[in-house]
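First up is the structure itself, then whatever we jot down about it.
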Amino acid sequence: MKQTTEIRGRGPWQLAYERLRRDRAAIGSAITILIAVLVALSAPLLAQITGHPPTMQFGHTGLGPTGIPVGPGAEFWLGTDGLGRDVLVRIAYGTRVSLLVGVVASGLAVLIGAVVGIAAGWFGGIVDTILSRLMDVVLSLPFLVLALALAALVGPGLGISIFLIAFFSWATVGRVVRAEAKSIREREYVQAARALGAGNAHIMFVEMLPMVGATVIVYATLLIPASIGFEATLSFLGLGVPPPTPSWGNMLADAMAYYKVAWWLLLFPGAALLGVTYAFNVLGDSVRDALDPKHDQTIKPGGQS
Amino acid sequence: MSNDVLLQLTGVVKEFTVKVGSGFKRRKRSLQAVAGVDLSLRRGETLGLVGESGCGKSTLARCVMRLFAVDSGRVVFDGDDLTHASNAVLKPYRRRMQMVFQDPYGSLNPRRRVGSIIGDPFRIQGVGSAADRQAKVQELMQLVGLNPEHYNRFPGEFSGGQRQRIGIARAIALRPELIVCDEPVSALDVSIQAQVLNLLADLQKELGLTYLFISHDLSVVRHVSDRVAVMYLGTIVEIAPSEAIYERTRHPYTSALLSAVPRFEADAGTARVESVLSGDPPSPLDPPSGCRFHPRCPRAQDRCRHEVPVLRVGNADDPEHLTACHFPLVDGDAS
Ligand code: SF4
């Protein structure tokens, strides 16, 4: 082995990255996610190749003689739905919605959670009391009931879905970050910064943020699948992305009328949803292990090598 | 050393509220960690502050740095009263007084690069341009004996002694006048301690620094200090020029502390007061009445239980030597 003497130090982030690179489950889920991203990006391309725009109804070729959907075949690779639309192209477009909602909503949730958590932990006192109560209230709200009410009030849409998911997710992050910030607050390096005359912004964003960064990243990866699931639920109930725009959730809802005769309507969007959320969950777990080696599993049950 | 006073503490008191008891008996009580301290630091000197852990010396250090608000008394730095100064008012003074912390692991943010940590003083105080900073950081690293090429590393990649050098580099970055050293070597191996102490001494000479040097280790303090103050349960019990503290000890507590120090220069034949420092000091929640040392003092008498001894000159020939004791040892009693 050649010893490399690099001057640029390997910090906690690089070490975590290297651990991640050696984790086969992480690699597998990262590849799955990458494929999902590619599918989402190439959705218009797919529509062009097949010649089937996502919302176009193919009354003659796409529906059987009795008006039931046609199964997977040469013309429609993954079959058609009840209106004679191409399931493959619709899944590809649905991937765009799912990833967009997943990433944006959890990004927003993590951002708000981190800022609120750090502020509560650093300022303490009355600020902490108010912010903590706020988080308690949000966490105790019944998500589905309120989401249904709000979506019904404002009308379904992509923006409102993202807002709802972020609104109901940030407090979980906020609570964990607050606890961490509270302990970081007592560290000597924070006192050192104060002794140098550092203001609140320096302490919160330069000293505290990198320390809670690991938690934030883990939560971000774990919130993405949860958000995708939320979005699918909302769309399934007709409160997410409004038809005819395809999303995995409303495709599954449509499938409910036909699944006895057209299994592909349930299987393919369901598999896409399950596969992507599972991949994000596995990746999230791996990221957590990589950032916190104490959780490392060195002895695996079953004794496989 | 001049008689120019850089830092003046008058009657400094710092209280904490602690919760005691459990269940229904749980209640809040206030604890005086620092119970009225008068102390002055002259420009260019090193004042050692010793005492057992929990005597309030680290709290006092944080009061000096105004990391804590002072509950009563005054903190005057170079003629300016900073007792109740706001953070905004304090900011320019923070260039002139800095602190070196005890824990070389806790005082450096593990997720930040060393160059950025040492660059903090410039960044926070808005000194110099971003472009100058790296050069200044590397200069500082050189000055404290670190390889300037390592500015991109993380604290975790340095040894304890090197980390303490990083903390020192950060403290001296803005060329302060006063540095509060809070047990700067007590977390280090003995072999490394001397190196760091020598570095501090060299920097003092080079930069004309004034040190408030806090330690529980009398042998370390003796090595570096011009004057020594001994603290017990939140109060100063004896203060004197370094050699007087060791050679003409007056306070029974100082004497007990000294006898607890393993003596390397074994001067046979000199009887020492037997160490009486068995057990922990009394809780500052319930400080003993009168002289706070009386439950552990071999010379204690009735008067000690009722009357608080004040810090005063015991011998007119020795005006620099102050003791807070009703029945101080006279020269020759101790050694
Ligand atoms: S005042 Fe009394 S109890 Fe206190 S140190 Fe002196 S002799 Fe001991």
Going through region A:123-162 one residue at a time, which ones are among the charged types (D, E, K, R) and within 20 Å of A:S106 (Cα to Cα)?
A:D136
Considering only residues of region A:164-190 that are more than 14 Å from A:V115 (Cα to Cα) and acidic (D, E), which is surrounded by the most Cβ atoms within 10 Å (Cβ to Cβ)?
A:E188
Going through (1) of a type in the set (D, E); (2) farther than 20 Å from B:M99 by Cα; (3) at pLDDT 90 or above one by one, B:D189 fails only at (3)
So which of A:G107, A:G28 ends up being at pLDDT 90 or above and surrounded by 14 or more Cβ atoms within 10 Å (Cβ to Cβ)?
A:G107
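For every residue, the table says whether it meets (1) in contact with a Ser or Thr (Cβ under 6 Å, 6 or more places away or on another chain); (2) assigned to a helix (DSSP H, G or I); (3) hydrophobic (A, V, I, L, M, F, W, C); (4) surrounded by fewer than 19 Cβ atoms within 10 Å (Cβ to Cβ).
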{"position": "B:C63", "(1), (2), (3), (4)": "no, yes, yes, no"}
{"position": "B:L90", "(1), (2), (3), (4)": "no, yes, yes, yes"}
{"position": "B:P121", "(1), (2), (3), (4)": "no, yes, no, no"}
{"position": "B:L140", "(1), (2), (3), (4)": "no, yes, yes, no"}
Given (1) assigned to a helix (DSSP H, G or I); (2) surrounded by fewer than 23 Cβ atoms within 10 Å (Cβ to Cβ); (3) more than 12 Å from every other protein chain (Cβ to nearest Cβ), identify the lone condition not met by A:L209.
(3)
Please determine, by comparing only the residues of region A:191-203 that are under 33 Å from the mean Cα position of the chain (by Cα) and more than 7 Å from every other protein chain (Cβ to nearest Cβ), which one is surrounded by the most Cβ atoms within 10 Å (Cβ to Cβ).
A:I203
When you scan region B:19-28, do you find a residue that is on the phi < 0 side of the Ramachandran plot and within 16 Å of the chain's Cα centre (by Cα), even just one?
no
With the checklist (1) in contact with a Cys (Cβ under 7 Å, 6 or more places away or on another chain); (2) at pLDDT 90 or above; (3) surrounded by 15 or more Cβ atoms within 10 Å (Cβ to Cβ) in hand, flag the one item B:H294 doesn't pass.
(2)
Residues within region B:233-254 that are assigned to a helix (DSSP H, G or I), of a type outside the set (D, E, K, R) and surrounded by fewer than 24 Cβ atoms within 10 Å (Cβ to Cβ), tallied
3
Of the residues in region B:256-274, those that are modelled with pLDDT under 50 and within 15 Å of the ligand (Cβ to nearest atom) come to B:V273, B:E274
Inspect region A:128-137 for any residue being among the small types (G, A, S) and either outside any helix (DSSP H, G or I) or buried (at least 24 other Cβ atoms within 10 Å of the Cβ) (or both) and give the result as yes or no.
no
So is B:N109 facing chain A (nearest Cβ under 7 Å), touching a residue at least 24 places away in the same chain (Cβ under 8 Å) and surrounded by fewer than 17 Cβ atoms within 10 Å (Cβ to Cβ) or not?
no
Could you please find all residues in region B:287-302 being over 20 Å from B:G54 (Cα atoms) and within 7 Å of the ligand (Cβ to nearest atom)?
B:R299, B:A300, B:Q301
Of all residues in region B:205-215, count the ones that are surrounded by fewer than 19 Cβ atoms within 10 Å (Cβ to Cβ) and of a type outside the set (D, E).
3
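The values are calculated or read from the model by the stated rules, or taken from the named source; none is laboratory data. In this text, all values refer to a predicted model and were calculated from it rather than measured experimentally. With ideal geometry, Cβ positions are generated from the backbone for all residues, glycine too; neighbour counts draw on all protein chains shown.
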